1. Classify the stretch 1-105 as rounded, prolate or oblate, taking a ≥ b ≥ c as the square roots of the eigenvalues of its Cα gyration tensor: rounded when a/c is under 1.5, otherwise prolate if a/b is larger than b/c and oblate if not.
2. How far is it, in nm, from the label point at residue 69 to the one at residue 189 when both lie 7 Å from their Cα along the line to the Cβ?
3. Please arrange 291, 172 by how many other C-beta atoms lie within 10 Å of their C-beta, fewest to most.
4. If the chain between residue 147 and residue 219 were fully stretched, how many nm would it gain, using 0.36 nm times the residue separation less the Cα-Cα distance?
5. Which FRET efficiency, nearest 0.05, do residue 134 and residue 211 yield, Cβ-Cβ r, R0 35 Å?
6. Can you report the principal axis dimensions of the stretch 98-137 using only the alpha carbons, biggest first, rounded to whole angstrom?
7. I need to check one value: relative contact order of the chain, counting alpha carbon pairs closer than 8 Å and at least 6 residues apart, in percent.
8. Would you mind calculating the relative contact order of the stretch 44-192 from Cα pairs under 8 angstrom and at least 6 residues apart, reporting the percent as a whole number?
Ligand SMILES: [Zn+2]
Ligand SMILES: [Zn+2]
């Protein structure tokens, strides 16, 4: 089945964490962690609407300034999500600069600080010099941060000696259009299929009219088709896909349970694997996972595909050893899915990298 998300790690295995996820149904992307993102093109950066930051250690948040630099001057509302204390971290970054002469700039930043019991919210608008304006709190029921017709994002509260968030991106339903059936209906493929999927995800009724326009030779064709006909004849539905992102966590009992709760049944599981098994004490001391712990977690969660990232630069001369250990633990782990597949998703800043396991 084709991947629903166009996901790729921005940097190599030893680089700062940042996972770019393009949403193919919209000219839009999500970013998980905000490490060094200077290798991303402006085109990629301008599509980012929501950034989910696990915690504010430098290597996970240093890209904020670069993103701000590219987005400043654009009319855009950027949303950021992070753990307790996150609003102060963003405020501190913004206070580092002078903000006169920005009249007419319309960037606004909405920051959600996700605590175990409530989500605090603050807005920073460029025309007001990015002065902090507190907004109403909300509650993230079952860790739910974002809920849109096409997808949801949930989080889990994890322990990295400071609070750290893990994230799950879930497609609400996976829709496949059968081209043979479209041919039988005399309809071409084209951008209108996005409208079709959007209408189905939004729960439109069967008599909802869908306009299909295309060009045949020099002729402009147009038809109006009832949504129910297309839904019945040409669209196959299956459970939505799930992408999980976990990094910078201790292998404790409570983290283990929360990560499994978040990652169970993941189609794509991105998990840090900072240290080889031989340096488990070092991993524990720094509140990180070892390769074997990461692989076992992915297997136990029943993940279909698993990628490691955020290897400690100390092991720059032996990445193969760490990846092999993680993949070995994944392949031999306790999960039951027969289609388990490890992949090695290094920096590929183009749209299709995540759908091509290598
Ligand atoms: Zn950290
Ligand atoms: Zn880190």
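1. Working: a/c = 1.87, a/b = 1.33, b/c = 1.41.
Here the stretch 1-105 falls in the oblate category.
2. Placing both labels 7 Å along Cα→Cβ, they lie 4.0 nm apart.
3. 172, 291
4. Length difference between fully extended and current span is 21.8 nm.
5. The pair residue 134/residue 211 has a calculated efficiency of 0.20.
6. Sorted largest first, the three principal extents are 39, 15, 13 Å.
7. On the way: 795 pairs, mean separation 53.8, N = 358.
Relative CO of the chain lands at 15 percent.
8. Reported relative contact order: 17 percent.
Values quoted throughout were computed directly from the atomic coordinates according to the rules given, and no laboratory measurement underlies them. This one's a predicted model, so the numbers in the text were calculated from it and none came from an experiment. So basically every Cβ, Gly included, is an ideal-geometry build from the backbone, and we count neighbours across all protein chains shown.
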